[in-house]
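S.K.: Dropping a structure here in structure tokens format, bear with me for questions.
The values are calculated or read from the model by the stated rules, or taken from the named source; none is laboratory data. What you are looking at is a predicted structure, and each value in this text was computed from that prediction instead of being measured. When we count neighbours, we look across all protein chains shown, and the Cβ atoms used for this are built from the backbone with ideal geometry, even at glycine. For the accessible areas, the whole protein counts, side chains as well, though only heavy atoms, and no ligand, DNA or RNA atoms are used. Shrake-Rupley method; radii C 1.70, N 1.55, O 1.52, S 1.80 Å.
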Amino acid sequence: MPKFTIDGKTLEVAPGTRVLEAALKHGIHIPHFCFHPALSAPANCRMCLVDVGLPKMKPDRTPELDAAGKPVIAMLPKLQTSCSTVVSEGMVVDTQGPRVKQGQHSVLEFILINHPLDCPICDKAGECMLQDNYFGWSREDSRIEPPDKIRKHKIVDLGPKIVLDTERCILCTRCIRFYDEVTKAPSLGIVNRGTFSELQVMPGRELNGTYDYNIVDICPVGALTSRDFRFRKRVWFLKKTAAICTHCATGCNMTVEEDEGRLWRQTPRLNPAVNGFWMCDAGRSAYHHTLDARRLTQPMRRGAGGTLEPASWNEALAFAAQKLRESGAGVAGFVSNRSTNEELFAFERLFAQALRGAPVASLETEVGILPLPPADGLLIRPDHNPNSRGVREIAASAGAWTGAEDLLSACAEKRIRTLLVMDPDLVGRSPNPAAAEHALASVENLIVIASHPSAATALAHVVLPGAAAQEKDGTYTRFDGRVQRSRAAIPPPGHARTELEILLGLAKMLGADFGWTSPRAAFTSLAQASKFFAGLTYDLIGPLGAVPAAAVAEQPASLV
Amino acid sequence: MGLSEDLYLPETAKALGITLRHLVTNLTHQSEMPTINYPDVKRPLNAPERYRGRHRLLKREDGTPRCVACMLCATACPAVCIHIEAEESPTKTIEKRPMKFDIDMLRCVFCGLCVEACPCDAIRMDTGKYELADTSRKSMIFDIDTLLNH
Amino acid sequence: MPTAVASPPVVFSEAALAKFRVLLTHYPEKHRRAALIPTLRLAQREFGCVSNEVIEYVAGLLGLAPVQVHEVVGFYTLFHREPPGKYHLQVCTNVSCMLNGSQKIVDHVCRRLGIRPDQKTADGKFSLETVECLASCGTAPVMMVNDTYCENLTTDAVDRILDDPERAGELWIPNEANYIRRWKTEDTLIVTRRFNNPDPVSLALYERDGGNAAWRKVLEEMKPDEVTEVVKQSGLVGRGGAGFSAGLKWSFIDRKSKEPHYLTVNADEGEPGTFKDRYLMEQDPHMFLEGASICSYAIGAHTAYVYIRGEFGKAQEIVQKAIDARTAAGLLGKNILGSGFDLDIHVHTGAGAYICGEETGLLESLEGKRGQPRSKPPFPAVIGLFQGPTIINNVETLANVPDIIVKGAAWFASIGVPKNTGTRMLTVSGHVMKPGYYELPLGIPLRTLIYDVCGGLRPGRQLAAVIPGGASSGWLLPSEIDVPMDFNSLRAAGSMAGSGAVMVIDDSVCLLKVLLRIEEFFQDESCGQCTPCREGTGWLARVLHKIEHGEGTKADIDLAFSIANNMAGITICVLSDAAAMPMQAVIKKFRPVLEAHVEHRGCPQTH
């Protein structure tokens, strides 16, 4: 394990580590553009220049020592790019000396001379590496007049999702390398030479794949911007929340960004064990589903005339509780693999404690609520739901749940008088939607908890408006057993409430007290009740999730 | 206190005398009175060059707003009274322009930081207008049309 | 993969397909991308241009994504995206041609055809392009008509060619510079001794003169390490420009690697002012091929590529014929002369990019990509072509090897000066009476070269400046021309020997115009990969343009100097340093010329 000294600090690193990687990992920030930890390092931006010295070797290959017994260091005659320099034993690196500063000033000046004065209209402002590196390592005045800058193509549609501005492009090739190395479908290239170089797609083709928005994330400047986010919000207004994507069983870690209570975009959050630096476009864009204007925001009760009418929470919950209590053995419940572990646990507790162990079922389906590109071995999995594993494990600890088909048959045969459904679209996601609809229609008292209207809510006698994924706190168990925490970024709209609050409200009406009211406390209780979740806590789960002891053997290889 | 003051009435007469003297002077020298019948008569403002009055949004030579919706003014504003929504400009060389540009004049503290923040000299507070009173809260939210054209 | 738009299919003829299949056999199967550039040139000949449809077709043939082919096409200047005229005229405007009146030629063509550069005549017969150095500087001014070189141009010659372009190759008049110029008949000639060769491809002629004796000796009597040692002892340094010890370079080949070893011969001759390798290939291909064979043996390579720039159509043809002759005679192929050693040599064409003369730029181009140089380390001798250990040598360097083997290292070391042994082909052009290529011992003083060997300046003219080693070298003042023409002396004088290209400039031309032309050349040829070179070459050219046109200030002169200084030392390859050196030399030695342009608000020179 070679040891080297950087700015006076001695570090030991794994063989083959580059100076830049080592520096960044240890909090020494060397400015750079084209380097990205998940991609190859072409060393073309020249921003990461440092001064490197190596121990002088005697002919017998041992280091020459000075009077004090320290190795004599011979500095290399030229500055070196730290992204391409592999650490060797005894190497000395200086990132602060005047020659390094001069090199950094020169490189920044060269990048900026033809860079357009677009900051006021560029979406990248505020999260732009060029702005950051300029203010951190240059701040020199420009020596070129704007009319002398080279003009190139602006507002180029590379497809429906990405807008390219080739004047802003600094030709770092991160986007090209993303397609070459990550998706393995080369889609971008550079044409022309020298100062006239330009990024292009093949004429006649466009970018319209599964992972295109990732190049917007990794573009260090505003050359590649998202059509979806274009001009919507300045990024410094956005408040960020760590969350989990709920559209397939991968559970990509993401950041939800909101301002003034409204969602503006979602971006991937680094998790080396789950999604690396990436997310698929469908999952990232799914916040539009949460913005849907048809959201349920008001509890409803079906009145005497047969139409759903607004009710207060008290009225709705009281009515629901009453029907649940009255129906004796004719009570049942449906949960879904889209709920959080805490919601599933609360539902299970409700039925076990307050409803004398009435049957609970869950649709075993891979159908989600949004269309997704096919599973591709990169990030997208065939199961389009975030918590199928959680359902299995919680059902196991509850002593197994009923099969969904059996329960639907019981409904159709009118053996179930009151059914509590917590599923976004029980009918649409069923293998036999017509049968499911008939079954639900046969229930005397159908109580549905949902965030969006569906065939089930249209049949319901009580509609309890729930929260979308970005509006609640909770954990999901992904396919390999890792438990990940998603936090609420915004409150549910209108009068809607989180599912956990709704279930606790029902419990209270039914006279049951679980002994906890928060998601954190719910999880603690779950960990005590379940062998699978035993030993886990929110603190242990942290920002990157935690793997229960029972699932350690299943972990896939790291993506980064 | 002296006897004259103790007796109260002589002092009252003296005070009334002052008042009467002013009344007569004002009636006979009306043109020298400082009071004016505002708002029928208004004094010129004679404001210094940097006087911060009502805002205006400036236009380019072709009549389109100079503003490119960079939102620096909204960011700088300490009263959080500027709300801007952007859209594509039909002029490709300009790219971005404001679709909505609201200033809530009830929140504005007239600090002028928005003017300082603007990179395009698109907003100024140099209208010299200070008469902003109105009869509804809603009317005090100036929209882009008001700021550009009135 | 991004979605495609339907387009009419484009397909090779049977003949072209057959040629394509032969091309594929030249490269390892898992590196078939290397066939891309030769295939694109084949496609351009077949279809007239490389349109988007052609790109999609070629991509399909080689299993590449279309954008990968598109970006290669966009890098090289010999590819046309739209059909050019039936006769595409490429007039060189680089330094030596500029010094010899290329602008007059361009203007004349424009006047006769009624078009400007980058335009086509209405009837589609002619199109015109101004290009960079065509490696024919001794016979400047020069243009190509399709693949044919037309040299020693005058406006009369241009008229004859435009009247009968099909016979363009016969309508210009050669002079002595088209053949080897000798200084003294008693000079030792190594690489040019067979020049004015009546049959360059003939093995019989070659061997009658002692050719191939070295190859046979090496195969029968010598081990690879012995060969390397002999070449090291001879003191032979690279003739391509870097001047690094050839034998030492060969010894760096990584013997531990499991990948095949390769030799690539650098015949990309693009340094302005250089025109030796072209004649070496046309006049005596067997000599450098023999040297290449010996080098391959020494480094353990069984495949060698001769990377010849795309403009050298004639050289490519002759070299291929020579290779075929050697293969037929059992000097190449399997189990050569019963020695058990296998070797194949293939010709690989470039497509118009100066940066492919840089050794790792050459490797990238050979592998079928944009010719963008690689970071070093790792050096090609460790990881080179197709990830295998590779040696890259210049044509002239290899041409010296057979004689070294036969006559011995000591003999070679006795010629020239210590540490810079042997002879070299100096190519002299510009304002001298006898431009051309001369094979001379290393160390001859520059003054002797200009005045004695090349007949001095034109009558009535004074010497203004000398560029001693190609466009990248620092200019010399008339007071500095006593410097010996060897690598060490020129380096000590703050310049470099480079490719041996000497350009002599007299007082008839504005020096700033010459400098501007050189910086425009670097702007054209920068590959664009790394920031300082990409932006610096463009910026430098624009600032100089301002000064040259009389719109510059004193501050602009300092700015130009600052740009050049900032470009040096921080890039992947040395093109950036090469662009900086002439600027730095001019500021240091010819600053008054720049200041005069500022004061006179334009060029003060009257012609």
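S.K.: Residues in the range C:170-192 that are surrounded by 15 or more Cβ atoms within 10 Å (Cβ to Cβ), modelled with pLDDT of 90 or more and not in a loop (DSSP other than H, G, I, E, B): how many?
M.R.: Count: 0.
S.K.: I need the full set of residues from the range C:121-131 which are out of contact with any Leu (no Cβ under 8 Å at 6 or more places or on another chain) and not aliphatic (A, V, I, L, M), in order please.
M.R.: Listed by number, the residues that qualify are C:Asp123, C:Gly124, C:Lys125, C:Thr130.
S.K.: When the residues of the range B:122-132 are narrowed to those that are open to solvent by 60 Å² or more (accessible area, probe 1.4 Å) and in a loop (DSSP other than H, G, I, E, B), which ends up farthest from B:Cys73 (Cα to Cα)?
M.R.: Among residues in the range B:122-132 that are open to solvent by 60 Å² or more (accessible area, probe 1.4 Å) and in a loop (DSSP other than H, G, I, E, B), the one farthest from B:Cys73 (Cα to Cα) is B:Glu131.
S.K.: Please find, within the range B:72-98, the residue that is farthest from the other protein chains (Cβ to nearest Cβ) out of those that are over 22 Å from A:Lys124 (Cα atoms) and open to solvent by less than 20 Å² (accessible area, probe 1.4 Å).
M.R.: B:Ala79
S.K.: Could you check the range C:118-136 and list, in sequence order, the residues that are in a loop (DSSP other than H, G, I, E, B), without any contact (Cβ under 8 Å) to a residue 40 or more places away in the chain and open to solvent by 40 Å² or more (accessible area, probe 1.4 Å)?
M.R.: C:Asp118, C:Gln119, C:Ala122, C:Asp123
S.K.: Does the range A:247-264 contain any residue that is of a type in the set (Val, Ile, Thr), open to solvent by less than 10 Å² (accessible area, probe 1.4 Å), modelled with pLDDT of 95 or more and under 12 Å from the mean Cα position of the chain (by Cα)?
M.R.: Yes, because at least one residue in the range A:247-264 is of a type in the set (Val, Ile, Thr), open to solvent by less than 10 Å² (accessible area, probe 1.4 Å), modelled with pLDDT of 95 or more and under 12 Å from the mean Cα position of the chain (by Cα).
S.K.: While we're looking at this one, here's another question. Scan the range C:137-157 residue by residue and report those that are surrounded by fewer than 24 Cβ atoms within 10 Å (Cβ to Cβ) and aliphatic (A, V, I, L, M).
M.R.: C:Met144, C:Val145, C:Ala157
S.K.: Return the residues of the range C:512-541 that are under 15 Å from C:Thr77 (Cα atoms), open to solvent by less than 10 Å² (accessible area, probe 1.4 Å), in a helix (DSSP H, G or I) and facing another protein chain (nearest Cβ under 7 Å); say none if nothing qualifies.
M.R.: Within the range C:512-541, no residue meets the criteria.
S.K.: Okay, moving on. Can you name every residue in the range A:256-287 that is without any contact (Cβ under 8 Å) to a residue 60 or more places away in the chain, in contact with an Asp or Glu (Cβ under 9 Å, 6 or more places away or on another chain) and among the charged types (D, E, K, R)?
M.R.: Selection gives A:Arg265 alone.
S.K.: Right, next: Got a sec? Which helices (runs of 4 or more DSSP H) wholly within the range C:3-102 have at least 2 residues that are crowded, with 20+ Cβ neighbours inside 10 Å?
M.R.: Per the criteria, C:36-47, C:52-62, C:66-73, C:95-99.
S.K.: Which of (1) open to solvent by less than 20 Å² (accessible area, probe 1.4 Å); (2) part of a helix (DSSP H, G or I) does A:Val552 not meet, given it meets every other one?
M.R.: Result: A:Val552 fails condition (1) only.
S.K.: Filter the range A:227-248 down to residues that are within 14 Å of chain B (Cβ to nearest Cβ) and either assigned to a strand (DSSP E or B) or of a type in the set (A, V, I, L, M) (or both), then give me how many there are.
M.R.: Number satisfying all stated conditions: 2.
S.K.: Looking only at the range B:59-71, filter to residues that are open to solvent by 60 Å² or more (accessible area, probe 1.4 Å) and in contact (Cβ under 8 Å) with a residue 40 or more places away in the chain; which one of those is nearest to A:Asp259 (Cα to Cα)?
M.R.: It comes out as B:Arg66.
S.K.: Next up: Would you confirm whether any residue within the range C:213-234 is open to solvent by less than 40 Å² (accessible area, probe 1.4 Å), within 10 Å of C:Asp284 (Cα to Cα) and in a helix (DSSP H, G or I)?
M.R.: no
S.K.: Next question, about the same structure. Answer yes or no: is there a residue in the range C:543-553 that is over 30 Å from C:Ser245 (Cβ atoms) and away from chain A (no Cβ under 14 Å).
M.R.: yes
S.K.: Scan the range A:1-43 residue by residue and report those that are aromatic (Phe, Trp, Tyr) and in contact with a Cys (Cβ under 8 Å, 6 or more places away or on another chain).
M.R.: Once the filter is applied, which keeps residues that are aromatic (Phe, Trp, Tyr) and in contact with a Cys (Cβ under 8 Å, 6 or more places away or on another chain), the range A:1-43 yields A:Phe33, A:Phe35.
S.K.: Oh, and also: Determine, yes or no, whether C:Leu153 is modelled with pLDDT of 95 or more and outside any helix (DSSP H, G or I).
M.R.: Judged against the criteria, C:Leu153 is a match.
S.K.: Ok, one more. Is it true that some residue in the range A:31-47 is of a type in the set (D, E, K, R) and either surrounded by 14 or more Cβ atoms within 10 Å (Cβ to Cβ) or over 37 Å from the mean Cα position of the chain (by Cα) (or both)?
M.R.: Yes, because at least one residue in the range A:31-47 is of a type in the set (D, E, K, R) and either surrounded by 14 or more Cβ atoms within 10 Å (Cβ to Cβ) or over 37 Å from the mean Cα position of the chain (by Cα) (or both).
S.K.: Let me ask something else about it. Looking at the range A:136-148 only, could you name the residues that are in contact with a helix residue (DSSP H, G or I) (Cβ under 7 Å, 6 or more places away or on another chain) and within 11 Å of chain C (Cβ to nearest Cβ)?
M.R.: A:Arg143, A:Ile144, A:Asp148
S.K.: Same structure, new question: Within the range C:58-81, does at least one residue satisfy the condition of being touching a residue at least 60 places away in the same chain (Cβ under 8 Å) and more than 14 Å from chain A (Cβ to nearest Cβ)?
M.R.: The answer is no; no qualifying residue exists.
S.K.: So, one more: Within the range A:288-391, which strands (runs of 3 or more DSSP E) (wholly inside it) include 1 or more residues that are within 26 Å of A:Ile490 (Cβ to Cβ)?
M.R.: Qualifying strands (runs of 3 or more DSSP E): A:300-302, A:308-310, A:331-335.
S.K.: Could you list, in sequence order, the residues of the range C:308-330 that are buried (at least 24 other Cβ atoms within 10 Å of the Cβ) and closer than 20 Å to C:Ser365 by Cα?
M.R.: C:Ile308, C:Arg309, C:Glu311, C:Phe312, C:Ala315, C:Val319
S.K.: Among C:Lys104, C:Lys86, which is the only one that is within 30 Å of C:Val432 (Cα to Cα) and basic (Lys, Arg)?
M.R.: Sole residue among the options that is within 30 Å of C:Val432 (Cα to Cα) and basic (Lys, Arg): C:Lys104.
S.K.: Residues in the range C:475-511 that are assigned to a loop (DSSP other than H, G, I, E, B), charged (D, E, K, R) and more than 24 Å from the chain's Cα centre (by Cα): how many?
M.R.: 2
S.K.: Here's a follow-up. Going by what's in this entry, would C:Gly273 be described as open to solvent by 10 Å² or more (accessible area, probe 1.4 Å), within 23 Å of C:Met496 (Cβ to Cβ) and in a loop (DSSP other than H, G, I, E, B)?
M.R.: When the stated conditions are applied, C:Gly273 does not pass them.
S.K.: If you go through the range C:239-265, how many residues are open to solvent by 20 Å² or more (accessible area, probe 1.4 Å), in contact with a strand residue (DSSP E or B) (Cβ under 7 Å, 6 or more places away or on another chain) and under 27 Å from C:Phe487 (Cα atoms)?
M.R.: The number of residues fulfilling the criteria is 4.
Results for (1) closer than 29 Å to C:Val401 by Cα; (2) open to solvent by 10 Å² or more (accessible area, probe 1.4 Å); (3) touching a helix residue (DSSP H, G or I) at 6+ places or on another chain (Cβ under 9 Å), shown as yes or no for each residue.
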| residue | (1), (2), (3) |
| --- | --- |
| C:Ser414 | yes, yes, no |
| C:Gly430 | no, no, yes |
| C:Ile450 | yes, no, no |
| C:Leu457 | no, yes, yes |
| C:Ile467 | yes, no, yes |
| C:Ser489 | yes, yes, no |
| C:Asp506 | no, no, yes |
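S.K.: Return the total of residues in the range A:170-210 being within 12 Å of another protein chain (Cβ to nearest Cβ) and within 27 Å of the chain's Cα centre (by Cα).
M.R.: 17
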